[in-house]
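To start, the structure itself, in structure tokens.
The values are calculated or read from the model by the stated rules, or taken from the named source; none is laboratory data. None of these values were measured; they are calculated from a predicted model. FYI the Cβ positions are ideal-geometry reconstructions off the backbone, even for glycines, and counts take in every protein chain you see.
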Amino acid sequence: MDKILHKISKYDDEKALKELFDAFYGKLFEMARFYVADYAGAQEVVSDVFIKLWKNRANAHKIENINSYLFVATKRQSLNYIRDNKKRLHVPLEEKETYTFVEVISPEKVLLTKEFEEVLNTAIQGLPSKCRLVYSLVKDDGMKYQQVADTLNISIKTVEMHVGKALKRIKIAFEKYQN
């Protein structure tokens, strides 16, 4: 991948960009679909990520971990898309995936699940911003500690410290909830 980034950065090589696009599009599209409800919106998000990479191609050779870079960029672009299109978002019926299943859920279970989610979300939102970002990259995006460290230019020990701090605060929040 370093050779591809070098070609993009130094030689404005569109074929290298296409090669990178082809290698990552499927994974990035699935990630964007997770955040963005509609098919076309997810396509737009991934396209925007590569357009921004192309516009900033002079610095592409400086990207140390293209995998982490693209996934973080896709997540951020998805959240921006949601924010910018909040009022216009709708999913055509033909794009909805439909599944039929029956599960009997008691009202108590529904209430406990909602309360559990509220406690968890409140605890996460109460984290310092850097800690919340590191926790999100590890837990939500499934990135390894080394990838997070490389992406954010921090040490693995710092990543461990942030995740540990987040887990402690979440544990305390649930202990308070139980009492």
Turns out the helices (runs of 4 or more DSSP H) fully within the stretch 46-161 with at least 1 residues that are at pLDDT below 80 are 107-125
Note on GLU64: of the conditions (1) in contact (Cβ under 8 Å) with a residue 60 or more places away in the chain; (2) among the acidic types (Asp, Glu); (3) surrounded by 17 or more Cβ atoms within 10 Å (Cβ to Cβ), unmet is (3)
Scanning the stretch 28-42 for residues that are assigned to a helix (DSSP H, G or I), touching a residue at least 24 places away in the same chain (Cβ under 8 Å) and of a type in the set (D, E, K, R) gives none
So, first residue at positive phi in the stretch 116-142, second residue surrounded by fewer than 16 Cβ atoms within 10 Å (Cβ to Cβ) and in a helix (DSSP H, G or I), Cβ within less than 6 Å, six or more apart or across chains; the pairs are none
Filter the stretch 1-39 for residues that are at pLDDT below 85 and of a type in the set (A, V, I, L, M); the one that is farthest from LEU137 (Cα to Cα) is ILE8
